[in-house]
Amino acid sequence: MRPTPAPAAAALPLLVAVDLQDNLLMVALDLDRMQTLLDGACDTLLAGFSGASAALRTPASAGPAVERAIAHLGTAIVALQFQDMGSQLIAHTQRRLRYCTDRLAQEAFADDGDDGDAVIEPMPLHPNPVTQDEMDAGSITLF
């Protein structure tokens, strides 16, 4: 009687699980790098907009052109508020990815040892923490 290829068949799902877990972790790291880039760009933009607004609000500057420029800066700052919403979405996605990688590891390595069950952070309850997808410029106080 020939032996069944059960060990090889069992190893394949484990290798697939390890590869999938590695890829999910790489995606989480990419999201973290994206968040860092967004934060840096938004900090630079906000500093530039605030400096321009302060320069336009000097006593020497007056008139409709200056008021239009200030209004444009206000609109740009409202657009920067999307960075906050984007950050919330990235953090939410990272929590979901972490849950998936931890759960995958728990299932794939459940029979590996006597260390007990790994602690898994719960899956976020809401599918999307940010529901707003547009903003209108209104009365904005520039810094």
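Spin-label model, L20 to L89: label points 7 Å out along the Cα-to-beta-carbon direction sit 2.6 nm apart. Dividing the radius of gyration of the alpha carbons in the range 9-108 by their Kirkwood radius gives 1.34 for Rg/Rh. Once both labels are modelled 7 Å past Cα along the beta-carbon direction, what's the D32-F82 spacing in nm? Going from the D32 label point to the F82 one covers 2.7 nm.
Just so you know, all these numbers are worked out from the coordinates, no wet-lab data involved. Just so you know, these numbers come straight off a predicted model, no measurement behind them. Using ideal geometry, Cβ is built from the backbone for each residue, glycine included, and neighbour counts are taken over all protein chains shown.
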